[in-house]
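Note sheet for the following structure.
The values are calculated or read from the model by the stated rules, or taken from the named source; none is laboratory data. These numbers were taken from a predicted model, which means no experiment stands behind them. When we count neighbours, we look across all protein chains shown, and the Cβ atoms used for this are built from the backbone with ideal geometry, even at glycine. Quick note on the areas: whole protein, heavy atoms, side chains included, nothing else; ligands and nucleic acids left out. Shrake-Rupley method; radii C 1.70, N 1.55, O 1.52, S 1.80 Å.
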Amino acid sequence: MSVQPRWARRNTIPVLLVVTLVLTAAIPLAFAKKKKEAPAPAAPTGPLAPDFRKVVVFPPAPAIARVKYLDYFSAELPELPSAKKEKPKQSWMDRMAGVDPNAKNNPDAPKRRFQLLTPYGVAVDSKGRLYVADTKVGAVFVFNTENDDLELIKHGTHARFGAIFGLAIDDNDDLFVSDGQLHHVLVFNAKHELQTSFGDDDMQDPNGIAIDKENRFLYVADTGLDQVLVYDADSHRLLRRIGTTGQNHTLTDPGNFSKPTNVAVDNDGNLYVSDTWNDRIEVFDADGVFIRTWGKNGDGPGEFARPKGIAIDCDGHVWVADAMLNRIQVFTSDGRYLLGMGGFGILPGQFQALTGLTIDKQNRVFTSEQMLGRVQMYRYVTNAEARAELERRQVELDKKAADRDAAATKPPEGQSSAATKSAADAKPTADTSTPSPSPETSAPRKGAMKLPDAPVPPQPEKTTPPNH
């Protein structure tokens, strides 16, 4: 037997112990069956978010809804790749520098999408397409509301834009665009081809515009002049001015303005003006004669804090968008408050920097928000539709009441109506010769509430008649 060195004898036992533990732990693993991988959790089948088209209605249930949320628009849809392509090779220098391989010499890389940044004016053509003027992008977005396709009328390509604000479209789908920086209005035909521009010598800061399609008037709210300019929509000739200019936005008397921003025309040719700094709405007839005004500064019903967008629905109601209170209020044509909706937020039915407002022939309401860069779409329920819904509900209530009455008069099960009638005929009648006991003398039924005795009226005192 060979003699081991002292250091070997000293370390043999710990080494053997470690080897034994390792082999002991490895034996179960060698003979254990491979576990099956747990299946991936199934993707949720239901919607991840509520259907806002059913939730966002004004006024809320059980009242009859008069405004229903439909959709929103903010950008063109992304282009999805048709097939999976090989990832382009990347050098080690690009990997170290963090260079995106799709951004270099790759024509198939997804292009940058156009999106709304500061939308203002909104309008709808005869085909139902939505037009949105965006000042910061410098383009007019044309959304197809059915399939979300997008066209653009771009600065530098189709026209020269400075700061575009107001939009209006006539029955021929001619598009009018106001440019506050270049001090004029541009006119495009239905093919989005620039035809002409006018107003350079008259305008200072044109903002919202509207067309009286019956009288062929084009109204332009000039914020810098504190006036509404009236043009012939065909010849583009200036016809008259409404309001007084040159007073540095200080006029508050009826018929004058302090920074008017938007205009709208009803079916009778009356003009409605958002007098923004005076926090009111002013109304004029087709000849420019002042009719009425309503509104004041505040946050209550019928009050404003910078009213801007304004529109008229098919029933003659006046819709006003409030930029600071982020809400819409609906009035009768004489200024009586009907409905309010909105509030500050990012959800459907809420707004941030609410500015533009229009209503099309399909009773769709479009609102533009500058801080969120989006346009929301709603559906206005007309008076006729609301009356039909009210009648339907009344018929339903009458039917339920009739069913309850029928259930109350129905005989019990197992007993025919003839048997019920025979039992009623066989019931003894009361003997009229014998008086029924009075309430005072008859004993109360068990469990019945005993009525208190009637109070006895006081007897009049005897007095001696006076001597005459």
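Can you run phi through the Karplus equation (6.51, -1.76, 1.60; θ = phi - 60°) for the stretch 356-362 and list ³J(HN,Hα) in whole Hz, with x for Gly and Pro?
These are the phi-based 3J(HN,Hα) values: x, 7, 8, 10, 9, 6, 8 Hz.
Starting from the amide H of Thr358, placed 1.01 Å from N in the peptide plane, find each other amide H under 5 Å away whose residue is 5 or more places distant or on another chain.
Phe366
Classify the stretch 277-424 from the C-alpha gyration tensor, please: rounded if a/c falls under 1.5, else prolate or oblate depending on whether a/b exceeds b/c. Spell out each step's value before the answer.
Details: a/c = 3.61, a/b = 2.72, b/c = 1.33.
Prolate, because a/c is 1.5 or more and a/b exceeds b/c.
May I ask for the equivalent-ellipsoid semi-axes of the stretch 278-336, computed as the square root of five times each C-alpha gyration tensor eigenvalue and listed largest first in whole Å? Provide the component values of the computation, followed by the final result.
On the way: eigenvalues 72, 35, 19 Å².
Over the Cα atoms of the stretch 278-336, the semi-axes work out to 19, 13, 10 Å.
Using only the heavy atoms of the protein chains and a 1.4 Å probe, how would Met324, Met341 rank by accessible area, largest first? Could you put the intermediate results ahead of the total?
On the way: Met324 130, Met341 10 Å².
Of Met324, Met341, the descending order of accessible area is Met324, Met341.
Which of the pairs Lys127/Lys296; Lys54/Lys213; Lys127/Lys154; Lys54/Lys154; Lys361/Lys399; Lys361/Lys400 have their Cα atoms more than 31 Å apart in this structure?
Numbers: Lys127/Lys296 38 Å; Lys54/Lys213 35 Å; Lys127/Lys154 21 Å; Lys54/Lys154 36 Å; Lys361/Lys399 36 Å; Lys361/Lys400 37 Å.
Flagged as over cut-off: Lys127/Lys296; Lys54/Lys213; Lys54/Lys154; Lys361/Lys399; Lys361/Lys400.
Test of the criteria: in the stretch 146-196, which trypsin sites (Lys or Arg not before Pro) are in a DSSP loop and have at most 14 other Cβ atoms within 10 angstrom of their Cβ?
On the way: sites: Lys154, Arg160, Lys191; in loops: Arg160, Lys191.
Listed in order of number, the matching sites are Arg160, Lys191.
Send over the Kirkwood Rh of the stretch 117-246, from the inverse of the averaged 1/r over different Cα pairs, rounded to one decimal Å. Provide the component values of the computation, followed by the final result.
Numbers: mean 1/r = 0.0683 Å⁻¹.
That comes to 14.6 Å for the stretch 117-246.
Taking only protein heavy atoms into account and a 1.4 Å probe, give the accessible area per residue of the stretch 248-401 in Å². Provide the component values of the computation, followed by the final result.
Working: 6530 Å² over 154 residues.
With the other protein chains kept in place, the stretch 248-401 gives 42 Å² per residue.
Can you tally the net charge around Ala159? Count Lys and Arg as +1, Asp and Glu as -1, for every other residue whose Cβ sits under 11 Å from the Cβ of Ala159.
Values: positive: Lys154, Arg160; negative: Asp179, Glu193.
Value of the local net charge: 0.
How large, in percent, is the carbon and sulfur part of the accessible surface of the stretch 124-199 at a probe radius of 1.4 Å? Mind showing how you got there, number by number?
Numbers: 1220 of 3100 Å².
Carbon-and-sulfur percentage of accessible area, whole number: 40.
Using amide H atoms built 1.01 Å from N in the peptide plane, name the residues 5+ places from Ala139, or on other chains, whose amide H lies under 5 Å from its own.
Asp134
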